[in-house]
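Just below is one structure, and these are the notes that go with it.
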Amino acid sequence: MIELSKVTWPPKRIAVFRALQLGDMLVAVPALRAIRAGFPRAEITLIGLPWAASFVQRFHHYIDQFVEFAGFPGIDEVEVVPERTARFLDEQRAYGYDLVIQMHGNGRASNHFVLALGGHLTVGYFEGIMPARFMLGAPYPRDRPEVLRNLGLAKLLGCPEYDARLEFPLFNEDHAEATALLRRLPRENRPWIGLHAGARPPVRRWPAEFFARVADELASRFKAQVMLTGGPDERSTIQEVVELMETLPLNVAGETSLGGLAALISELDLFISNDTGPAHIADAIETPSITIFGPVDYRRWASLNHERHPIVRRPVPCSPCSYWECPIDHRCLRWVTPEMVIEVAENLLSKEAVR
């Protein structure tokens with residue numbers, strides 16, 4: 001480990017590598033906030049997936065620049081084209097980072113990538129022995145929630161702020177988009193309940209018929225107005241829920257931008273979701289929410305606020321797992337009954353009614 005006095009310190013140019021999806025990025029915000037607080041004059045660049053360009057715009061108070069990740073052997077998120085990767089690395093080395101932070105998993109493949117960027121100081125987690133060219137590092141803490149794991153890197157750098165609170169800034173255009181959608185509700189009465197039945201991996205999707213039963217029951221018991229949210233690629237999943245429902249929901253799947261979806265969630269009394277990005281949005285904007293967990297490690301991804309953002313799960317021996325589709329009977333989610341979710345929903349709605 002090198003003494004910080006022997007490198008450019010405080011760093012003027014910082015790169016953070018995290019080429020992941022929405023939920024992964026939202027739970028990294030506390031760490032990004034801490035890094036900004038620790039290095040207020042530094043130029044901070046996020047190296048991430050293409051969609052994250054809009055994430056950087058929304059969190060411009062923590063991140064100054066976005067660079068699209070060009071792929072690297074062993075990192076699955078982007079196809080590797082050797083010529084493109086070589087060109088990318090040449091460009092990034094020429095730019096010259098003082099500090100590179102590996103915030104992309106346990107480092108098995110990502111540590112090779114961040115070292116290839118040629119920063120003066122490279123920091124990250126590792127498994128086994130710390131890479132010889134790492135200047136600061138720590139063993140990968142498998143038993144920590146993701147948000148705290150990311151904050152651990154900021155703490156390793158001596159950043160003073162250690163606030164685990166998520167956040168999601170909302171702009172005027174986000175609120176305007178949500179308001180236009182909410183005008184389509186047939187009644188003004190509350191509660192307004194949102195259901196998000198989609199998720200990128202099929203293995204994370206609670207059955208559509210279960211979402212439909214929960215929606216109908218909450219509409220009946222609470223006279224709730226139900227909204228179904230989802231991205232453009234999730235329309236068919238959401239339509240399946242609509243067709244199984246007896247009541248008529250407001251279906252806005254594929255009709256919202258990311259900011260518009262967040263603003264819509266901010267207006268709800270309750271948001272019920274699979275373990276996917278919008279569940280973290282609800283956490284970030286403090287809308288009461290329920291996340292249904294199946295194959296994913298809830299200890300890593302559940303909200304730290306268990307009272308306002310409880311989870312529902314059914315322990316099974318084969319969970320957690322990393323399958324994209326379940327090779328057996330999807331018991332981790334099929335054994336989570338609608339009644340289990342309804343009970344938690346009733347409890348949350350009752351608490352909100354007396355606030």
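Under 5 Å from the amide H of Phe271 lie the amide H atoms of Gly194, Ser289, Ile290, each residue being 5 or more positions distant or on a separate chain, with H modelled from the backbone and absent for Pro and chain starts. Accessible surface computed residue by residue for segment 10-100, with neighbouring protein chains in place and a 1.4 Å probe, gives 41 Å² per residue. Here, segment 238-355 has an Rg and a Dmax of 14.9, 44 Å when only alpha carbons are counted.
Computed on the chain, with alpha-carbon pairs under 8 angstrom and 6+ residues apart, the relative contact order is 15 percent. With the Cα gyration tensor of segment 217-259 giving a ≥ b ≥ c as the square roots of its eigenvalues, does the rule (a/c under 1.5 for rounded; else a/b larger than b/c for prolate; else oblate) give rounded, prolate or oblate? The shape class here is oblate. For segment 50-183, the dipole from Cβ point charges (+1 on Lys and Arg, -1 on Asp and Glu) about the Cα centre works out to 400 debye, to the nearest 20.
Think of the chain as a dipole: +1 on every Lys or Arg Cβ, -1 on every Asp or Glu Cβ, centred on the Cα centre; then among Thr247, Leu156, Leu46, Leu156 lies furthest on the positive end. For segment 242-290, a simple Cβ point-charge model (Lys and Arg +1, Asp and Glu -1, everything else neutral) yields a dipole of about 100 debye relative to the Cα centre.
Relative to the dominant Cα principal axis of the chain, helix 29-38 is inclined by about 40°.
With contacts taken as Cα pairs under 8 Å and at least 6 residues apart, segment 217-301 reaches a relative contact order of 21 percent. With everything on Cα atoms, drop me the angle between helix 82-95 and the longest principal axis of the chain, reported from 0 to 90° to the nearest 10. Between helix and principal axis, roughly 70 degrees.
For the chain, adding -39500 (n - 2.57) for each run of n ≥ 4 DSSP H residues and dividing by the number of residues yields -10500 deg cm²/dmol at 222 nm. Rounded, prolate or oblate: which fits segment 116-188, taking a ≥ b ≥ c as square roots of the Cα gyration tensor eigenvalues, rounded meaning a/c under 1.5, else prolate when a/b beats b/c? The shape class here is prolate.
For segment 1-92, the alpha carbon convex hull comes to 124 Å³ per residue, rounded to a whole number.
Taking the empirical scaling 2.2 N^0.38 Å for compact globular proteins as reference, segment 289-355 has a Cα radius of gyration ratio of 1.23. Length, then width, then depth: along the principal axes, the Cα atoms of segment 62-163 run 39, 27, 24 Å. Rolling a 1.4 angstrom probe over segment 280-320 with all protein chains present gives an accessible area of which 45% lies on carbon and sulfur atoms. Taking a ≥ b ≥ c as the square roots of the Cα gyration tensor eigenvalues, with a/c under 1.5 meaning rounded and otherwise prolate when a/b beats b/c, else oblate, which class fits segment 12-61? Note, shape of segment 12-61 comes out prolate. Could you work out how far helix 235-244 tilts from the main Cα principal axis of the chain, as a 0 to 90 degree angle to the nearest 10? Approximately 20 degrees, to the nearest 10.
Protein heavy-atom accessible surface, 1.4 Å probe, per residue over segment 102-173: 45 Å². If I compute volume of the Cα convex hull per residue in Å³ from the structure I just sent, which labelled value in (1) 151; (2) 125; (3) 142 lines up? It is the one labelled (3).
In segment 42-142, what percentage of the DSSP-assigned beta bridges are antiparallel, given to the nearest 5? Of those bridges, close to 10 percent are antiparallel. Among 287-296, 153-162, 114-123, 81-90, sorting by the average number of other beta carbon atoms lying within 10 angstrom of each residue, highest first, gives 287-296, 114-123, 153-162, 81-90.
In segment 55-117, Rg over Rh equals 0.96, where Rg is the alpha-carbon radius of gyration and Rh the Kirkwood radius from pairwise Cα distances. Sequence-ordered 3J(HN,Hα) estimates for segment 171-176 from the Karplus curve with 6.51, -1.76 and 1.60 and θ = phi - 60° stand at 9, 4, 5, 5, 5, 5 Hz, glycine and proline given as x.
The values are calculated or read from the model by the stated rules, or taken from the named source; none is laboratory data. What you are looking at is a predicted structure, and each value in this text was computed from that prediction instead of being measured. Cβ atoms come from the backbone with ideal geometry, glycine included; neighbour counts cover every protein chain shown. Surface areas here come from the heavy atoms of the whole protein model, side chains and all, with no ligands, DNA or RNA. Shrake-Rupley method; radii C 1.70, N 1.55, O 1.52, S 1.80 Å.
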